[in-house]
Amino acid sequence: QVQLVESGGGLVQAGASLRLSCAASGRTFSSYAMGWFRQAPGKEREFVAAINRSGGSTYYADSVKGRSTISRDNAKNTVFLQMNSLKPEDTAVYYCAGGRIFSAVVAGHGDYWGQGTQVTVSS
(Lines give C-alpha, C1' and ligand atoms only; values in the text may rest on other atoms or scores of the structure.)
Protein backbone atom coordinates (compact mmCIF):
# COMPACT_ATOMS: atom_id res chain seq x y z
CA GLN A 1 0.00 0.00 0.00
CA VAL A 2 1.26 3.46 -0.89
CA GLN A 3 0.02 6.63 0.75
CA LEU A 4 0.38 9.97 -0.99
CA VAL A 5 0.29 13.32 0.77
CA GLU A 6 0.26 16.57 -1.19
CA SER A 7 1.44 19.92 0.10
CA GLY A 8 2.45 23.33 -1.17
CA GLY A 9 -0.88 24.73 -2.25
CA GLY A 10 -2.09 28.16 -1.28
CA LEU A 11 -3.54 31.49 -2.33
CA VAL A 12 -1.43 33.45 -4.79
CA GLN A 13 -1.87 36.27 -7.26
CA ALA A 14 -1.89 35.76 -10.99
CA GLY A 15 1.62 35.52 -12.36
CA ALA A 16 3.05 33.96 -9.22
CA SER A 17 4.65 30.55 -8.85
CA LEU A 18 3.98 27.58 -6.62
CA ARG A 19 5.76 24.31 -6.05
CA LEU A 20 3.57 21.41 -5.09
CA SER A 21 5.01 18.34 -3.42
CA CYS A 22 3.65 14.84 -3.07
CA ALA A 23 5.33 12.63 -0.49
CA ALA A 24 4.87 8.89 -0.79
CA SER A 25 5.14 6.27 1.88
CA GLY A 26 6.72 2.90 1.33
CA ARG A 27 9.92 1.67 -0.24
CA THR A 28 8.65 1.11 -3.77
CA PHE A 29 8.19 4.71 -4.90
CA SER A 30 10.66 4.31 -7.74
CA SER A 31 8.47 1.52 -9.13
CA TYR A 32 5.62 3.91 -9.83
CA ALA A 33 4.91 6.42 -12.53
CA MET A 34 3.47 9.55 -10.96
CA GLY A 35 1.05 12.17 -12.11
CA TRP A 36 -0.69 15.37 -11.12
CA PHE A 37 -4.35 16.07 -11.71
CA ARG A 38 -6.64 18.90 -10.77
CA GLN A 39 -10.31 19.49 -10.23
CA ALA A 40 -11.93 22.88 -10.25
CA PRO A 41 -15.34 23.51 -8.68
CA GLY A 42 -18.10 22.17 -10.88
CA LYS A 43 -15.66 20.59 -13.31
CA GLU A 44 -14.34 17.12 -13.89
CA ARG A 45 -10.90 16.10 -12.77
CA GLU A 46 -8.30 16.73 -15.47
CA PHE A 47 -4.79 15.58 -16.16
CA VAL A 48 -1.97 18.05 -15.56
CA ALA A 49 1.38 16.26 -15.83
CA ALA A 50 3.03 12.86 -15.45
CA ILE A 51 6.51 11.47 -15.03
CA ASN A 52 7.82 7.97 -15.51
CA ARG A 53 9.55 5.88 -12.88
CA SER A 54 13.06 7.09 -13.56
CA GLY A 55 12.11 10.69 -14.20
CA GLY A 56 13.46 10.53 -17.70
CA SER A 57 10.14 11.01 -19.44
CA THR A 58 7.44 13.57 -18.77
CA TYR A 59 4.12 14.50 -20.30
CA TYR A 60 2.00 17.63 -19.89
CA ALA A 61 -1.47 18.84 -20.60
CA ASP A 62 -1.55 21.62 -23.16
CA SER A 63 -3.06 23.94 -20.56
CA VAL A 64 0.12 23.89 -18.44
CA LYS A 65 2.81 23.06 -21.00
CA GLY A 66 5.61 25.59 -20.89
CA ARG A 67 4.49 26.91 -17.48
CA SER A 68 4.89 23.80 -15.36
CA THR A 69 7.57 21.23 -14.64
CA ILE A 70 7.07 17.85 -13.04
CA SER A 71 10.04 16.21 -11.37
CA ARG A 72 10.76 13.54 -8.81
CA ASP A 73 13.33 12.63 -6.20
CA ASN A 74 13.24 8.88 -5.76
CA ALA A 75 15.65 9.05 -2.83
CA LYS A 76 13.13 11.21 -0.99
CA ASN A 77 9.99 9.48 -2.27
CA THR A 78 8.65 12.78 -3.54
CA VAL A 79 7.24 14.13 -6.76
CA PHE A 80 7.02 17.85 -7.46
CA LEU A 81 5.01 20.14 -9.68
CA GLN A 82 6.55 23.54 -10.25
CA MET A 83 3.93 25.92 -11.62
CA ASN A 84 4.88 29.34 -12.97
CA SER A 85 2.89 32.22 -14.42
CA LEU A 86 -0.20 31.03 -12.61
CA LYS A 87 -3.58 32.07 -13.96
CA PRO A 88 -6.98 32.26 -12.25
CA GLU A 89 -8.06 29.29 -14.34
CA ASP A 90 -5.40 27.20 -12.59
CA THR A 91 -7.50 27.42 -9.44
CA ALA A 92 -8.36 23.87 -8.38
CA VAL A 93 -7.64 21.11 -5.94
CA TYR A 94 -4.49 19.38 -7.11
CA TYR A 95 -4.06 15.66 -6.61
CA CYS A 96 -1.11 13.39 -7.14
CA ALA A 97 -1.51 9.83 -8.31
CA GLY A 98 0.76 6.85 -8.73
CA GLY A 99 0.66 3.63 -10.67
CA ARG A 100 2.87 1.01 -12.23
CA ILE A 101 1.82 1.82 -15.81
CA PHE A 102 2.64 5.29 -17.14
CA SER A 103 -0.18 5.40 -19.67
CA ALA A 104 -2.70 4.34 -17.04
CA VAL A 105 -1.58 7.14 -14.74
CA VAL A 106 -1.95 9.64 -17.59
CA ALA A 107 -5.43 8.33 -18.26
CA GLY A 108 -6.41 8.88 -14.65
CA HIS A 109 -6.30 5.24 -13.65
CA GLY A 110 -3.59 5.46 -11.04
CA ASP A 111 -3.56 2.88 -8.29
CA TYR A 112 -3.02 5.41 -5.53
CA TRP A 113 -4.29 8.93 -4.96
CA GLY A 114 -3.62 11.64 -2.46
CA GLN A 115 -6.19 13.80 -0.69
CA GLY A 116 -5.35 16.94 -2.64
CA THR A 117 -4.04 20.42 -1.98
CA GLN A 118 -5.93 23.61 -2.83
CA VAL A 119 -4.45 26.12 -5.22
CA THR A 120 -6.24 29.43 -5.57
CA VAL A 121 -5.06 32.09 -8.00
CA SER A 122 -6.54 35.54 -7.67
CA SER A 123 -6.71 37.98 -10.56
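The values are calculated or read from the model by the stated rules, or taken from the named source; none is laboratory data. Note that the structure is a prediction, hence the values are computed from the model and not measured. Reconstructed Cβ throughout: ideal geometry from the backbone, glycine too, with neighbour counts over all protein chains shown. Please note that ligands, DNA and RNA were not included when accessible areas were found on the heavy atoms of the full protein model with its side chains. Shrake-Rupley method; radii C 1.70, N 1.55, O 1.52, S 1.80 Å.
Structural remarks
- Residue in the range 103-111 that is within 23 Å of Ser17 (Cα to Cα) and surrounded by fewer than 18 Cβ atoms within 10 Å (Cβ to Cβ) present: no
- The listed residues are Val2, Val93, and the only one of them that is within 18 Å of Gln115 (Cβ to Cβ) and in a loop (DSSP other than H, G, I, E, B) turns out to be Val2.
- Residues that are open to solvent by 60 Å² or more (accessible area, probe 1.4 Å) and either farther than 24 Å from Gly26 by Cα or acidic (Asp, Glu) (or both), drawn from the range 64-83: Lys65, Gly66, Thr69
- Qualifying residue in the range 86-96 (condition: over 29 Å from Ser123 (Cβ atoms) and basic (Lys, Arg)): no
- Residue match in the range 34-53 (condition: among the small types (Gly, Ala, Ser) and farther than 19 Å from Gly114 by Cβ): yes
- Among the residues of the range 37-50, those identified as open to solvent by less than 30 Å² (accessible area, probe 1.4 Å) and outside any loop (DSSP other than H, G, I, E, B) are Phe37, Arg38, Val48, Ala49, Ala50.
- Met34 satisfies every condition listed in (1) of a type in the set (A, V, I, L, M); (2) within 15 Å of Val2 (Cα to Cα); (3) open to solvent by 60 Å² or more (accessible area, probe 1.4 Å) except (3).
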